[in-house]
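Structure record follows, encoded as structure tokens.
Please treat every number below as a calculation from the coordinates, not as lab data. Remember, predicted model here, so these are calculated numbers, not experimental data. We place every Cβ from the backbone using ideal geometry, glycine too, and count neighbours over all the protein chains shown.
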């Protein structure tokens, strides 16, 4: 119960707050622009809509400048409409397949690269995933900054170096580049964004929230400020050591067992008995290391022995050798037999 309110009044206040929160969320969903990593999904209709705004030479030049600044190797780009001949070929192909088809002229992007040998162009689909990600970010971020809107970005850091994923965030943080107070709400798995990048804090302490999945599958959202962090804290290191929670609950034994029981039929017999670590060490060492010269042989023997001792007892001995060989870059001889 809220202090100074009765039970009924508290329940009424909670109901009102929930209704207000729902209304705010509906408005946010209606007004916010959405960005998803192109590695996950590319909405062609949304991209075409945004490309239409690039008819403004100033905006197109700003996007080109951002791509040049990101060290993508792109000198410039242009939006090209398909020709009458291309449209006719596409219409004929679709009509030959049957069904109704209303032709609409399509647009495509061509990126101009410069190098020592001259110039060449690539389509958006031919660019690397990192370059595609950076371009989609530029197309989404710059209009949001210009209009003062809200941008929702999922997987902001996908296929990007930390230096590059930090830059759009800094554009929203700087009042010079964000005079209209646009807001960026994003999800990321890059823990480096919690700290300093190129000597600057990427986010303030009150801007960081974590999500943690519960055993029932629900997700809990909680802020960094719950932990009362100090300004001098190394937030990235504290997060990676589990101080804040919100880290995957990785089962190392299950991971090892899943890898170790994977059988390669070209090298490993389909049926292998179970064995202790000492048995695997004794029976397989000679076969695995017979083709390795000294002194490298001694180093690899030591590494293999340590690997075997750390392997769960319920892992098949041949499977253990198979995984060890992959980690140590060795090949499993066909002549190995286990009894």
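You can think of it this way: the chain between residue 232 and residue 92 has 43.8 nm of extra reach, that is 0.36 nm per residue less the Cα-Cα gap.
How high is the relative contact order of the range 136-270, in percent, with contacts defined as C-alpha pairs under 8 Å that are six or more residues apart? With pairs under 8 Å counted, the relative contact order is 18 percent. Placing dummy labels 7 Å off each Cα toward the beta-carbon, the span from residue 75 to residue 176 is 2.9 nm. Taking only alpha carbon atoms, the range 91-248 gives an Rg to Rh ratio of 1.10, where Rh is the Kirkwood radius. As an exercise, use a Förster radius of 45 Å and the Cβ-Cβ distance of residue 215 and residue 123 to find the FRET efficiency, rounded to the nearest 0.05. The value I calculate is 0.45.
Among 161-167, 68-74, the peptide with the highest mean count of other Cβ atoms within 10 Å heads the list, and the full ranking is 161-167, 68-74.
Sorting 125-132, 142-149, 214-221 by their mean Cβ neighbour count within 10 Å, with the most densely packed peptide first, gives 142-149, 125-132, 214-221.
When each of the peptides 168-180, 223-235 is scored by how many other beta carbons lie within 10 Å of its residues on average, the order from highest to lowest is 168-180, 223-235.
The DSSP beta bridges internal to the range 115-224 are antiparallel in roughly 65% of cases. Label sites at residue 246 and residue 206, each approximated as a point 7 angstrom past Cα along Cα to Cβ, lie 1.7 nm apart.
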